[in-house]
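First the structure, in the form of C-alpha cells, and then the observations on it.
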Amino acid sequence: MMKKRRVLFVSLGCPKNQVDGELMLAKLQDAGFENADNFEHLDAVIVNTCAFIDSAKQEAIDTVLEMVGLKQDGLVRAVIVTGCLAERYREEILKEIPEVDAVVGIGANGDIAKIVDEVLDGKQVNVFPDKNELPMCGERVLTTPDYWAYLKIAEGCSNCCTYCAIPSIRGAFRSRDEESIVEEAKTLAEHGIKELVLIAQDVSSYGIDLYGEYRLAHLLNLLCEIDGIEWIRLLYCYPDKITDELIDTMASQPKVLHYIDLPLQHADDSILKAMNRHSSAEETREVIRKLRERMPDIVIRTTFIVGFPGEGDGEFETLAEFVNEQEFERLGCFEYSPQEGTPAAKMENQVDDDVKARRAEVIMQDQYEIMSEKNNEMIGKTLRVLTESYDDYTDSYSGRSYMDAPDIDGKIIFTSPDFIKEGDFVDVEILGTNEYDLLGRTV
C-alpha cells in the first residue's frame, strides 16, 4: 500500500482566510493526502498567508522563512505559499525567497491538490487565475471546535476604503446564493455545530449583488429555521448598510445574538471622508441609537484607526470624545499603516509613528476603563454560557456568552460541582471580574 503523503497546513490571518484553508484541507484530504498536525516526516508545508496590515505581512513572511528553514534542514520537501500575500506580491515572493516551490493565487485554491502533486514531482508552480475562481463553498475540514463554525456568506469587497488593499487582493464583492448557504448551515448542524459565526469582508452587504437589495435579514430568518443551530453571530458589518429590517430581525429572532461587529474606523467627518467611508458620524450615531433602542442588551464591537493621514489633535480629540460618549462594549484600535497601491498611502500629512502609538494608547486606556465599568455591572447577573474548556489546575471551566465572539473577545471563567462537556450550554451567575474576563459559577 502506497504511503500517504503528509502535508502541514499553516493558516494565518482572518477567519475568512481560515475558511479558505478549510476548503483546501478538504481538497487535499479527498486527493489522498494526510493532513499533518506536526513536523514529522513532512512532504510539503502550505502557508496560507494574510497581507492586510504590516504586522500581518511580517508574520506571513516570518512563517514562510521558518518553513524554508525546515526545507533546508531536510525536514520537508516543499514549501507552498497561498492566500493574500501570494495573491498580492506574486513574483516578489519568488524573487525574495527563491527557496519557495510554489506561489498560488487565491483563484487556484480549488486546484491545491494538483499543485502539491506537481511540486512534489519537482516542478516550480506559480499560478494566478482570476480571483473570481476562488471557491466560496464546498466540503470543509473544520479547524474550529466541534460546536461552532464560521459560515462565509460572501467574498471580496466593493467599499474601496482608501486605506485598504482588500478589494485589489480579493476582488469585488460577490454573495453566495441563499440556497448554498442554508445547505451548508444544515450540514454543519448535522455535524453538531451549535453556533454559526457569519463572516465576509462585508456581511451587511449580503445579497445586494445577487438580489438587488440587502438580504441579510432574510438570510437570518432562513438560518433560524435550522434545527440544532442555537446561536447566530454577525461579524464585519458596515453602519450604512444596517437596515431597519435587519435590526428588527436581530431583535425578534431568538437565535440571532444581540451582538454585532461594526468596525467604524473613525468619528471625525473629515477623516471619514478621506477614508471613503460612507457614513457620517451623526449617521453612525443614529444607527447605534436604533440598535440600542431595539436591543438594550446589545453588545457592539468596533475598531478604530488612529494616525490616518491628516489626523491632527482636533480630529483625534473628536474620536476620543466619541469613544467615551458611546461606551462601546468591545473595542480594538489600530495604528494606521500605509499599504502599497492604496490612495491613503500617497496622501499628504502622514502622522509620525510615535504620535500614532500614543493616540492608540489613549483610546485603549479609555476603553479599558469603560469595559471595567461594564464588567462590574454584570456582577449578580446570570448568563447562558457555551462551555469551551476545563482547567485541571484551577478546577474551573471557561466559555463564552452571547457577549463574546470566539478568538477576539474575553471569556467567562466559572466553577461547577457537575461535570460539563465542551460544547454544552450552562447558566452562570457572575460573581466577579478579572481584567477583560468575567468570573462566576453555574446555577
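The values are calculated or read from the model by the stated rules, or taken from the named source; none is laboratory data. Because the structure is predicted, anything quoted here is derived from the model rather than measured. Note that we place each Cβ from the backbone using ideal geometry, even for glycine, and neighbour counts take in every protein chain shown.
The listed residues are 118, 184, 179, 99, and the only one of them that is assigned to a loop (DSSP other than H, G, I, E, B) and over 22 Å from residue 52 (Cβ atoms) turns out to be 99. In this structure, residue 159 does satisfy being in a loop (DSSP other than H, G, I, E, B), surrounded by fewer than 22 Cβ atoms within 10 Å (Cβ to Cβ) and touching a residue at least 24 places away in the same chain (Cβ under 8 Å). When residue 128 is tested against (1) aromatic (Phe, Trp, Tyr); (2) in contact with a Cys (Cβ under 8 Å, 6 or more places away or on another chain); (3) surrounded by fewer than 18 Cβ atoms within 10 Å (Cβ to Cβ), just one condition goes unmet, and that condition is (2). For the range 223-250, residues that are within 14 Å of residue 175 (Cβ to Cβ) and surrounded by fewer than 19 Cβ atoms within 10 Å (Cβ to Cβ) total 0.
A quick yes/no check of all residues on (1) in the same structural domain as residue 254 (by TED's automatic domain parsing); (2) closer than 30 Å to residue 334 by Cβ; (3) in contact with a helix residue (DSSP H, G or I) (Cβ under 6 Å, 6 or more places away or on another chain):
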residue	(1), (2), (3)
367	yes, yes, no
371	yes, yes, no
391	no, no, no
402	no, yes, no
414	no, no, no
419	no, no, no
427	no, no, no
431	no, no, no
434	no, yes, no
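Candidates 367, 339: the one that is at pLDDT below 95 and closer than 26 Å to residue 235 by Cα is 339. Selection over the range 291-307 of residues that are in contact (Cβ under 8 Å) with a residue 40 or more places away in the chain and either crowded, with 20+ Cβ neighbours inside 10 Å or within 21 Å of residue 321 (Cβ to Cβ) (or both) gives a count of 11. None of 86, 60 is touching a residue at least 40 places away in the same chain (Cβ under 8 Å) and assigned to a helix (DSSP H, G or I) except 60.
Number of residues in the range 145-183 that are hydroxyl-bearing (Ser, Thr, Tyr) and either farther than 16 Å from residue 19 by Cα or out of contact with any strand residue (DSSP E or B) (no Cβ under 7 Å at 6 or more places or on another chain) (or both) equals 5.
Take the conditions (1) under 24 Å from the mean Cα position of the chain (by Cα); (2) touching a residue at least 12 places away in the same chain (Cβ under 8 Å); residue 361 misses just one of them, which is (2). Being surrounded by fewer than 19 Cβ atoms within 10 Å (Cβ to Cβ), outside the structural domain of residue 390 (by TED's automatic domain parsing), modelled with pLDDT of 95 or more and among the basic types (Lys, Arg) holds for only one residue in 114, 152, 123, and it is 114. Listed by first and then second residue, the pairs with beta-carbon distance under 7 Å, at least 6 apart or on different chains, first residue in the range 333-351 and closer than 13 Å to residue 305 by Cα, second at pLDDT below 95 and among the acidic types (Asp, Glu), are 337/54. Scanning the range 189-234 for residues that are acidic (Asp, Glu), under 19 Å from the mean Cα position of the chain (by Cα) and part of a loop (DSSP other than H, G, I, E, B) yields a single hit, 202. Between 273, 290, which is farther than 30 Å from residue 347 by Cα and in a helix (DSSP H, G or I)? Residue meeting the stated conditions: 290.
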